[in-house]
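**Student:** My structure is below; once you've seen it, I'll send some questions.
Coordinate-derived values only; no laboratory data. Because the structure is a prediction, the values reported are computed rather than measured. Neighbour counts run over all protein chains shown; Cβ positions are idealised from the backbone, glycine included.
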Amino acid sequence: MNTMKKNKRIATPSVTRGLMRDFDVSAKKSLGQNFIIEPKIIERIAAEAECTKQDLVLEIGPGLGSLTQALAENAGQVVAVEIDKTLLQPLAQSFADYDNIDIINADALQTDLAELLAPYLNKPGYNPGFMAVANLPYYITTPLIMRFLESNTPWRRLVFMVQKEMAARMQAAPGTKDYGALSLAVQYRAQAKIAFTVPAAVFLPRPKVDSAVIVLERLTEPPVAVQDEALLFAVIRAGFNQRRKTINNALSHVLQLDKPLVAAALAAAGVDGARRAETLTITEFAALSDAISELKPQHINTDI
Ligand code: SAM
């Protein structure tokens, strides 16, 4: 089989369908496979990444390689993590003539991404850290983005195509219906911007809803300082784990803290325990987290 000419775009209906036919690949709904078949959209996503030949780019879910191709043209090195083994052969064929694309067959949710990228980071002449770019499968959007936000992997910018409603959640303000753990984690770590929205018609197969490209630019410092970041994220998750409960009840049930300790922490943080998590700002969550740290509970499970 011929290798693909470098200037032949993968993101067109005919090339994508041709690859699917040649390799007997069908789009798997269970893996969120909606391939982009519009080269202009690919160019716009790649442009939002603003990567140069001095940059390392991590792509999650290359699929048939439409976005990978554009990223490799701009970046120094692309490392693409794909869970679906049946896509490895078409990817290998399409990128046989590229020397800056490594495809890794792994589950991006289960793999330690910092470890996976370790051999590629801090290469001489490269900018520090990396950026991650993806047309994300719907079912991993929240857990994957939370992993980036909660961890200390040295990402500088995240450029993700997500469902439009997920992009709204990332930018939501307290007291609104979209506000949740994801909004707070985004605010803590990044400046979020919705770059553009994308109609369902540019995908094969077409999803039911429209999408948006969100850019998360890492902040040099979080907007609030906390003693224990893992605890802050646990307090946030606990608050929204049982959204209908008051913050008082959510903290004692989910984090399994004694009621007097929760009452003391709420008083120290100046937060009324009858409020719900969806009304608390990042500053109030930070104050609560620090108040709990200072009261030194015997045991606290931050792994919720
Ligand atoms: N980047 C391609 C494009 O834009 O045409 C494909 C995007 S498609 C929405 C999502 C891709 O993520 C699929 O290739 C799918 O197999 C892959 N994927 C799904 N779950 C994954 C996981 N847990 N880890 C890595 N890749 C995953």
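**Student:** What is the distance, in nm, between label points placed 7 Å from the Cα along the Cα-to-Cβ direction at Gln191 and at Arg244?
**Tutor:** Between Gln191 and Arg244, the label points sit 4.0 nm apart.
**Student:** Quick one: pull the percentage of alpha-carbon pairs in the chain with a separation above 24 Å.
**Tutor:** Values: 25327 of 46056 pairs.
So the portion of pairs separated by more than 24 Å is 55 percent.
**Student:** Could you check the spin-label model distance between Glu115 and Ala200? Points 7 Å from the Cα along Cα→Cβ, value in nm.
**Tutor:** Reported label-point gap for Glu115 and Ala200 is 4.0 nm.
**Student:** Also: What is the gain in length, in nm to one decimal, between Lys208 and Arg147 on full extension, counting 0.36 nm per residue of separation less the C-alpha to C-alpha distance?
**Tutor:** My answer for the length gained is 19.3 nm.
**Student:** May I pose another question? In debye, nearest 20: dipole of the chain around its Cα centre with unit charges on the Cβ of K, R (+) and D, E (-)?
**Tutor:** On the way: 32 positive and 32 negative charges, 197 e Å.
That gives the chain a dipole magnitude of about 940 debye.
**Student:** Grab the other residues whose beta carbon is less than 14 angstrom from that of Asp178, score K and R as +1, D and E as -1, and report the net.
**Tutor:** Details: positive: Lys164, Arg169, Lys177, Arg243; negative: Glu165, Glu278.
Local net charge: +2.
**Student:** Rounded to two decimals, what is Rg over Rh for region 229-295 when you use alpha-carbon atoms and the Kirkwood radius?
**Tutor:** Values: Rg = 10.0 Å, Rh = 11.2 Å.
Checking Rg against Rh, the ratio lands at 0.89.
**Student:** Going toward the positive end of the dipole of the chain, with +1 on Lys and Arg Cβ and -1 on Asp and Glu Cβ, which of Asn135, Pro297, Leu116 do you reach last?
**Tutor:** Asn135
**Student:** Here's a follow-up. Tell me which lysines have Cα within less than 18 Å of Lys245's Cα, excluding those fewer than 8 residues away on the same chain?
**Tutor:** Lys177, Lys259
**Student:** Using the basic label-point model (7 angstrom from Cα toward the beta carbon), what is the Leu31 to Thr220 distance in nanometres?
**Tutor:** That separation, rounded to one decimal, is 4.2 nm.
**Student:** Another question, then. Build a GNM of the chain with springs between Cα atoms under 10 Å: which of Phe196, Phe240, Phe23 gets the top mean-square fluctuation?
**Tutor:** Evaluated over the chain, the most mobile residue of the options is Phe23.
**Student:** Sticking with this one: Report the gain in length on full extension from Thr86 to Ala47: 0.36 nm times residue separation, minus Cα-Cα distance, nm rounded to one decimal. Display every interim value, and only then the final one.
**Tutor:** On the way: separation 39, 0.36 × 39 = 14.04 nm, distance 2.88 nm.
Contour length minus the Cα-Cα distance gives 11.2 nm.
**Student:** Nearest 5 is fine: what % of DSSP beta bridges in the chain come out antiparallel, could you say?
**Tutor:** Numbers: 17 of 36 bridges.
Within the chain, antiparallel bridges account for around 45 percent of the total.
**Student:** Please give the calculated 222 nm ellipticity per residue for the chain, where each DSSP H segment of at least 4 residues contributes -39500 (n - 2.57) and the sum is spread over every residue; nearest 500 deg cm²/dmol? Intermediate results must be reported in sequence, preceding the final value.
**Tutor:** On the way: 12 runs with 114 residues, N = 304.
Calculated mean residue ellipticity at 222 nm is -11000 deg cm²/dmol.
**Student:** Could you work out the local net charge near Leu64, counting Lys and Arg as +1, Asp and Glu as -1, over the other residues with Cβ closer than 15 Å to its Cβ? Show your work: numbers first, answer last.
**Tutor:** Details: positive: Lys8, Arg9, Arg17, Arg21, Lys28, Lys85; negative: Asp22, Asp24, Glu38, Glu59, Glu82, Asp84.
Net charge in that neighbourhood comes out at 0.
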